[in-house]
Each structure stands twice: as C-alpha cells, then as structure tokens.
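Q: The structure's right below; bear with me while I get my questions together.
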Amino acid sequence: MADCLFCKIVAGEIPSKKIYEDDLVYVFEDINPTAPVHYLLIPKTHISRLDEVNADNSAVIAHIYEVIAKLSKEVDAMKDGFRVVSNCGESAGQSVFHIHFHLLAGRPLTWPAG
Ligand code: AMP
Ligand code: ZN
C-alpha cells in the first residue's frame, strides 16, 4: 500500500533489522525497543488493523502465531516467557496502521498493561 511505513519496510525501501522472513511474514526489531527482545511481526500483505481481520485474510494471522512459537524455541530470552501485543486503534496506542504484533521478552512483564 502506498505511503505505508511497514509496506515500505517489507519492500526494502526503508531499512530494518530483519529477524525472520518467509513468503507471508516479516519480522524485524522495533526501532524503539521497550524490552531486551522487542520484535514486530507483520504480514507482507497490507491489513490496517486487527479489526479488519476476516475469513479471507486470517490465514496469515494464524501463521504469525506459528512463527512466534518457532521463535520461542530459538530465542533464549523467550524461554522464560514472552508477551504478544497488537494495539488496535489510536486509543489503544496504534501508531502504524499496518497490522503488527509486538513480541516482548527478556525482562519481567507486569500485568495489567497500561
Ligand atoms: P504501535 O504504536 O503499536 O502502532 O507500534 C508501532 C511500533 O513501530 C512502535 O513500537 C515503533 O517504535 C515502531 N516503529 C516505528 N517506525 C519504525 C521503523 N522504521 N522501524 C522499526 N520499528 C518502527
Ligand atoms: Zn502496509
């Protein structure tokens, strides 16, 4: 999608620190990490936000969770636990409107989230 920051990252037009990539999914380091591990998992196809997931596009979301499980077996900091967050809408803190899943690990994570 034109003028989408994360579509440009997928296309290689904006640099990123790649962690993992396959046909459907791109994983990279958050530019402003809030934990020792702070990755962003995004579908390569543009979906704006979580409330736009439907029967036609949900396969990639399921795949993202498979990738998270795979990473959890490879990333030492995830062995003690991790958190996955998708902010949906400005009130929830979404600032980039290409759906993404924050993967946080490597420090104690308090609950409830703010
Ligand atoms: P959210 O606020 O939930 O929409 O999350 C957007 C995330 O994207 C934030 O944690 C930002 O730090 C991160 N971010 C913004 N621009 C970039 C970029 N160019 N490369 C990597 N992460 C970014
Ligand atoms: Zn996009």
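Q: Let me spell it out: the conditions are (1) more than 13 Å from ligand 2 (Cβ to nearest atom); (2) surrounded by 17 or more Cβ atoms within 10 Å (Cβ to Cβ); (3) touching a residue at least 40 places away in the same chain (Cβ under 8 Å); (4) within 17 Å of residue 98 (Cβ to Cβ), and residue 50 meets all of them except one. Which number is the exception?
A: (2)
Q: Right, next: Quick one: would you say residue 61 is within 14 Å of ligand 1 (Cβ to nearest atom) and under 15 Å from residue 102 (Cα atoms)? Can you show your working first?
A: Details: within 14 Å of ligand 1 (Cβ to nearest atom): no; under 15 Å from residue 102 (Cα atoms): yes.
Spelling it out, it is not the case that residue 61 is within 14 Å of ligand 1 (Cβ to nearest atom) and under 15 Å from residue 102 (Cα atoms).
Q: Please go through region 53-68 and pick out each residue that is surrounded by 14 or more Cβ atoms within 10 Å (Cβ to Cβ) and out of contact with any helix residue (DSSP H, G or I) (no Cβ under 7 Å at 6 or more places or on another chain).
A: Narrowing region 53-68 to residues surrounded by 14 or more Cβ atoms within 10 Å (Cβ to Cβ): 53, 57, 60-61, 63-64, 67-68.
Once the filter is applied, which keeps residues that are surrounded by 14 or more Cβ atoms within 10 Å (Cβ to Cβ) and out of contact with any helix residue (DSSP H, G or I) (no Cβ under 7 Å at 6 or more places or on another chain), region 53-68 yields 57, 60, 61, 63, 64, 67, 68.
Q: Let me ask another. Only residues in region 22-47 that are closer than 16 Å to residue 87 by Cβ and away from ligand 2 (no atom under 14 Å from the Cβ) count as the first member; pair them with residues that are assigned to a strand (DSSP E or B) and of a type in the set (D, E, K, R), Cβ under 7 angstrom, at least 6 apart or cross-chain, and list the lot.
A: Pairs found: 38/29; 39/29.
Q: Now a separate question. If a residue must be assigned to a helix (DSSP H, G or I), charged (D, E, K, R) and within 13 Å of ligand 1 (Cβ to nearest atom), how many such residues does region 2-56 contain? Spell out the reasoning first.
A: Step one: filter region 2-56 for residues assigned to a helix (DSSP H, G or I), giving 5-10, 50-52.
If we keep only those that are charged (D, E, K, R) too, we end up with 8, 51-52.
Right, trim to within 13 Å of ligand 1 (Cβ to nearest atom) and you get 8.
Final tally of qualifying residues: 1.
None of the figures in this text is laboratory data; all of them are computed from the coordinates on show. Since the structure is predicted, the reported quantities are computational estimates derived from the model, not experimental observations. Neighbour counts are summed over all protein chains in view; Cβ atoms, including those assigned to glycine, are modelled from backbone coordinates with ideal geometry.
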